Amino acid sequence: MTTLPRARSATVATPPGPFTVVVTTDTTGRDVVLASGWTADLAVLLPVVHPSLRPTGPEHVDRLPVLDAVEAFFAGDVTAIDEVAVSQRSGPFLQEAWQILRTVPAGQPDSYASFAARCGRPAAVRAAANACARNAAALFVPCHRVLGSDGGLGGFRWGTPVKRWLLDHEAEHAPVAA
């Protein structure tokens with residue numbers, strides 16, 4: 001029987017609402033995000049973590065180092081979240097899709113169709129949308145950066161007003177390409 005590593009959670013205030021993160025520690029001592037989103041309720045976050053990674057009763061702490069990246073993001077450094085370690089599990093397509101989501105630049109949203117093509121399956125638009133819907137690590141795996149082909153917001157686990165706020169914030173603060 002495998003023992004899951006100790007997990008911790010913390011919540012920080014953000015402009016779109018309270019943002020909670022659940023982390024575990026990898027073998028090097030680095031915090032790794034298991035789940036995150038705009039809620040203060042762990043009961044909402046934990047079910048989206050893959051069963052093989054899902055902690056039981058994470059310890060709530062006042063502060064986690066990963067929140068420094070979250071606060072920097074909301075202060076205008078929209079690339080601050082790019083290097084935060086994340087752990088999610090599923091089948092090969094979802095695993096790859098989540099990695100590809102991390103390459104969508106802030107301020108340059110993708111369409112579901114284009115995202116599916118970048119995942120190597122241009123006809124799998126629904127599968128690409130499913131990857132966004134099943135993403136447990138909101139913000140760090142920026143599924144909010146994927147839009148409908150018509151430019152519409154599509155869905156977002158944390159609500160379209162949060163998605164709109166994030167997209168507007170990133171458009172305002174995105175690094176200028178050289």
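The values are calculated or read from the model by the stated rules, or taken from the named source; none is laboratory data. Keep in mind the model is a prediction, meaning the values are calculated, not measured. Note: ideal-geometry Cβ built from the backbone for every residue, glycine included; neighbour counts use all protein chains shown.
Do any residues in segment 49-74 that are under 27 Å from residue 165 (Cβ atoms) have Cβ atoms under 6 Å from those of residues that are in a loop (DSSP other than H, G, I, E, B) and at pLDDT 95 or above, where the two are at least six apart or on different chains, and which pairs are they?
49/136; 66/84; 69/80; 69/81; 69/84; 72/80; 73/80; 73/81
I want to confirm something. Restricting to segment 153-178 and keeping residues that are aromatic (Phe, Trp, Tyr) and out of contact with any Ser or Thr (no Cβ under 8 Å at 6 or more places or on another chain), which single residue is surrounded by the fewest Cβ atoms within 10 Å (Cβ to Cβ)?
Within segment 153-178, the subset aromatic (Phe, Trp, Tyr) is 156, 158, 165.
Retained after the next criterion (residues that are out of contact with any Ser or Thr (no Cβ under 8 Å at 6 or more places or on another chain)): 156, 165.
On the way: 156: 20, 165: 18.
Looking at residues that are aromatic (Phe, Trp, Tyr) and out of contact with any Ser or Thr (no Cβ under 8 Å at 6 or more places or on another chain), I get 165.
Return only the number of the condition from (1) surrounded by 13 or more Cβ atoms within 10 Å (Cβ to Cβ); (2) at pLDDT below 95; (3) in a helix (DSSP H, G or I) that residue 50 does not satisfy.
(3)
In segment 129-152, which residue that is surrounded by fewer than 22 Cβ atoms within 10 Å (Cβ to Cβ) and among the polar types (S, T, N, Q) is nearest to residue 164 (Cα to Cα)?
149
Can residue 77 be described as closer than 17 Å to residue 165 by Cα, out of contact with any Gly (no Cβ under 7 Å at 6 or more places or on another chain) and not in a helix (DSSP H, G or I)?
On the way: closer than 17 Å to residue 165 by Cα: yes; out of contact with any Gly (no Cβ under 7 Å at 6 or more places or on another chain): yes; not in a helix (DSSP H, G or I): yes.
It is true that residue 77 is closer than 17 Å to residue 165 by Cα, out of contact with any Gly (no Cβ under 7 Å at 6 or more places or on another chain) and not in a helix (DSSP H, G or I).
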